[in-house]
1. Quick check on the range 179-191: of everything there that is in contact with a helix residue (DSSP H, G or I) (Cβ under 7 Å, 6 or more places away or on another chain) and either in a loop (DSSP other than H, G, I, E, B) or hydroxyl-bearing (S, T, Y) (or both), which residue is surrounded by the most Cβ atoms within 10 Å (Cβ to Cβ)?
2. From the list T712, T684, T735, T728, pick out the single residue that is over 25 Å from Y649 (Cβ atoms) and under 29 Å from the mean Cα position of the chain (by Cα).
3. Quick check: is even one residue across the range 247-259 small (G, A, S) and modelled with pLDDT under 95?
4. Yes or no: the range 564-574 includes at least one residue that is closer than 28 Å to T463 by Cβ and either assigned by TED's automatic domain parsing to the domain that holds V640 or among the hydroxyl-bearing types (S, T, Y) (or both).
5. Going by the structure shown, is E761 over 16 Å from A714 (Cα atoms), in contact with a strand residue (DSSP E or B) (Cβ under 8 Å, 6 or more places away or on another chain) and not in a strand (DSSP E or B)?
6. Residue pairs, Cβ under 6 Å, 6 or more apart or interchain, first in the range 509-527 and more than 25 Å from L612 (Cα to Cα), second among the β-branched types (V, I, T) and assigned to a strand (DSSP E or B). List them.
7. On the basis of being at pLDDT 95 or above and of a type in the set (A, V, I, L, M, F, W, C), does V524 make the cut?
8. Within the range 411-452, can you find the residues that are in contact with a Leu (Cβ under 9 Å, 6 or more places away or on another chain) and either loosely packed, with under 12 Cβ neighbours inside 10 Å or within 20 Å of I466 (Cα to Cα) (or both)?
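The values are calculated or read from the model by the stated rules, or taken from the named source; none is laboratory data. What you see is a predicted model; the values in this text were computed from it and never measured. Note that each Cβ is placed from the backbone with ideal geometry, even for glycine, and that neighbours are counted across all protein chains shown.
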Amino acid sequence: MQLYFQKSFLFISLFASVILQAQQPQKPTSVEIYNQIQKLNFLGSVLYIAAHPDDENTRMITYFANEVKARTAYLSLTRGDGGQNLIGPQLRELLGVIRTQELLEARKIDGGEQFFSRANDFGFSKNPTETLQIWEKDKVLADVIWAIRKFQPDVIINRFDHRSPGTTHGHHTASAMLSVESFQLTNNPKIHPEQLEWVKPWQPKRLFFNPSWWFYGSQEKFEKADKSKMVHFETGIYYPEIGKSNQEIAALSRSRHQSQGFGSTGSRGLETEYLELIAGEKTTQNNVFEGIDTTWNRVENGKPIADLIQNIIQNYQFTNPSASIPDLVKAYQMIAALPENHWKPIKLEAIKNCISACAGLYLEAVADEQEVTPGSTVNLNLETINRTSIAMELESVVSLPNNKKTILNQNLTSNNDQKTALQLVLPENIPYTQPYWLNEKFSVGMYTVNNQENIGIADIIRTTKIIFNVKINNVILPFERTIVYKYNDPVKGEMYNFLDIVPEVTTAISQKVILFPNENTKSVAVKILAGKSDVKGKVQLELPSNWKISPAEIPFNLEKKGTEQTVYFEVTPPKNAEETTPKSYAIVNGKRYENEQTIIEFPHITKQQVLLPSESKCVRMDLKTSKSTIAYIMGAGDNVPESLAQMGYSVTIIKPEEITPERLEHFDVVMTGIRAYNTIQTLTNKQAILFDFVKNGKNMIVQYNTAGSLITNAIAPYPLQISKDRVTEENAAITFLAPQHPAMNIPNKISKTDFQGWTQEQGLYYPNQYDKAFTPLISSHDQGESAKEGALLVAPYGKGFYVYTGLSFFRELPEGVSGAYRLLANLIALKQPVELPNQNIKN
């Protein structure tokens, strides 16, 4: 039976996974091997369920995976696409790719496995009713049932409470509600019978809710709460063999969520976790597996295997792990001879890992290129070394996906490093390497995955592999290795990437939003990138007929792989306001290539290729701007400076340490990026300079910051307190509180239509208390809530203006939302003196 989910390494990989790149081969220590062998004799599983990457309780996952030795997994219903990003400008599906990889890295540290559903994180939701409508509840429920039937957990643990809608993120509550509903359905063959071609109905034993102080409002309230009916156990375990506590391991795991700023400091000492039984059989002990046989007895003919593995554990030699290999091979044979069952493929893979680790068996397939195209021939270098005195033979290798077997019969003598050259001919129809959930068009709430077997797979599905068939004691063990590319960096040393299959050519429209404030023609740049050498053809730009394009096509000839060429089309917009989506594509030998290649590369995750349609957005709008120069101070990362440049402003990104009166003298406006006052400590000492800048007749525009983690409370020249108020309904009705204010009139007359077509949310983290010097300009609210007036606050200060806004300009501008551009142009253009209308100012 094929294993569809991301495999766990089944041992604690504490050091390598933190220091090394994700693609590098694991090299477990003797202690880690021992832990891996111990885990062979535990046949029980726990599934933790929540909504997003970083929702999981890593202390709990670490405890079950490493102390209990259970097969432990986290089902995150979404990939975190709707969050913010502290490490780069990537948002939406690109952020989801980053957060997926961060979860995979976290699981390598805490020992768990990782699953997903097809749900798309569409941003903050205030209730589960909205969430389940946008997610298409039936499909996500089917995915949860599918995950449970495949993983077959004995115990399910929900991170969130299904009984408290409206008290937390709607996604959170919805994840728990779907888990509770699934618990009653997974064993019913009439529920999603189409899944039963691959899986069987399954009934978990128990379903728990994992409360913490957060759900009670404070640690003090949690300590006083009645927990007498809850299961509780000590997770503050210290592992002397590795010198780390359970909490320290969990902190390393949680710190993989770098895009969300979840770096965590490890703790030590006693710590108790609690579980409330929601469904299933009661337990009289603090043991979630009570009444569940977690030994080999749950498998037909399993007891002799348990006895043999226990003997291996008792006789394990920490200074000579290879002494365990003969018995491990015997155990492998015994497991292979078992009737087909759920645990058989899992334990076969695990015991092979043990044998390989005990032998110091190094098996690697390295390509001489990192990117190749379909149909090409890849030169491989296979490295094989057995670092024990036990006789081994590399009987053969099988290359995938073409399933070609090469007989080698190489004796693997002790510590003799052997290299073998091999060529892999790729099929013409081999799929490109990219996140499979992005292959088809997706909606705001759901990704499209048509292949049932792929649903839930955590990572990119890579098909280029080598199977090393190694004979040990006359038993052939197949070891599968994904093909990699590696090189030496003079500073970082050995560097790894996976082999990627790329298109022969990709194109990209250089600007993701192209503004046409009038009928003038603009040049639109299209970049062409060669995925192979000697590629030539023509590139075209596709627009509606009322948009004029010249020339109709442009030829290109790229001689070397990896080279780029930029061509320019002259585009003339229609007379009236209109938005459209231009597409660029290349024609090579009659074949159309219409994807853009995006590379996501950060030190803490695996390099990712993302291929999406090469599109942009052309916006013909009525936009008037001033001739302002803008100094932009980046915060957590956004694409707003690019949008400002599109509007015609002169934009300079300045570093916080560069902020001096002299440096700012020639700018008209200072603008801070999102969460600048959460992430840039240097701004604490620069506030006086910035406020003097405003006082001397300039403008300062501050974009949203989160409440509770500000580097200074004096982010404005007047008192201002940020709350958690937000308006998640992007098209919530707007009320103008100061319709005559210049910010609503000069140079663009702002109307309610300017707030139509916003994406994901109107805004977030609005101030709810502020000085009477501020004028609130607009009010809106989500359904059933009170009006929120802190979205856009303007205050004169000296001769200039200070503006604080929680409006999501960082989302709207890159999406080409006309009203966002027009409103921001007015804020930039603010000038004194002005006559403000009489307002009811909130104190």
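1. Filtering the range 179-191 down to residues in contact with a helix residue (DSSP H, G or I) (Cβ under 7 Å, 6 or more places away or on another chain) leaves 179, 181-182, 185-186, 189, 191.
Right, trim to either in a loop (DSSP other than H, G, I, E, B) or hydroxyl-bearing (S, T, Y) (or both) and you get 179, 182, 185-186, 189, 191.
Details: S179: 29, S182: 24, L185: 17, T186: 25, P189: 10, I191: 17.
Here the answer is S179.
2. Numbers: T712 fails: under 29 Å from the mean Cα position of the chain (by Cα); T684 fails: under 29 Å from the mean Cα position of the chain (by Cα); T735 fails: under 29 Å from the mean Cα position of the chain (by Cα).
Step by step, each of T712, T684, T735, T728 is checked, and only T728 is over 25 Å from Y649 (Cβ atoms) and under 29 Å from the mean Cα position of the chain (by Cα).
3. As a first pass, look at the range 247-259 and keep what is small (G, A, S): 250-251, 253, 255, 259.
If we keep only those that are modelled with pLDDT under 95 as well, we get 259.
Yes, some residue in the range 247-259 is small (G, A, S) and modelled with pLDDT under 95.
4. Just the residues of the range 564-574 that are closer than 28 Å to T463 by Cβ, to begin with: 564.
Now narrow it down to the ones that are either assigned by TED's automatic domain parsing to the domain that holds V640 or among the hydroxyl-bearing types (S, T, Y) (or both): none.
The answer is no, given that none of the residues of the range 564-574 is closer than 28 Å to T463 by Cβ and either assigned by TED's automatic domain parsing to the domain that holds V640 or among the hydroxyl-bearing types (S, T, Y) (or both).
5. Numbers: over 16 Å from A714 (Cα atoms): yes; in contact with a strand residue (DSSP E or B) (Cβ under 8 Å, 6 or more places away or on another chain): yes; not in a strand (DSSP E or B): yes.
Spelling it out, E761 is indeed over 16 Å from A714 (Cα atoms), in contact with a strand residue (DSSP E or B) (Cβ under 8 Å, 6 or more places away or on another chain) and not in a strand (DSSP E or B).
6. Once the first residue is more than 25 Å from L612 (Cα to Cα) and sits in the range 509-527, its partners that are among the β-branched types (V, I, T) and assigned to a strand (DSSP E or B) give T521/T572.
7. Numbers: at pLDDT 95 or above: yes; of a type in the set (A, V, I, L, M, F, W, C): yes.
Considered against the rule, which asks whether it is at pLDDT 95 or above and of a type in the set (A, V, I, L, M, F, W, C), V524 comes out as yes.
8. Passing the criteria: N411, L412, Q418, K419, T420, A421, L422, Q423, L424, Y432, T433, Q434.
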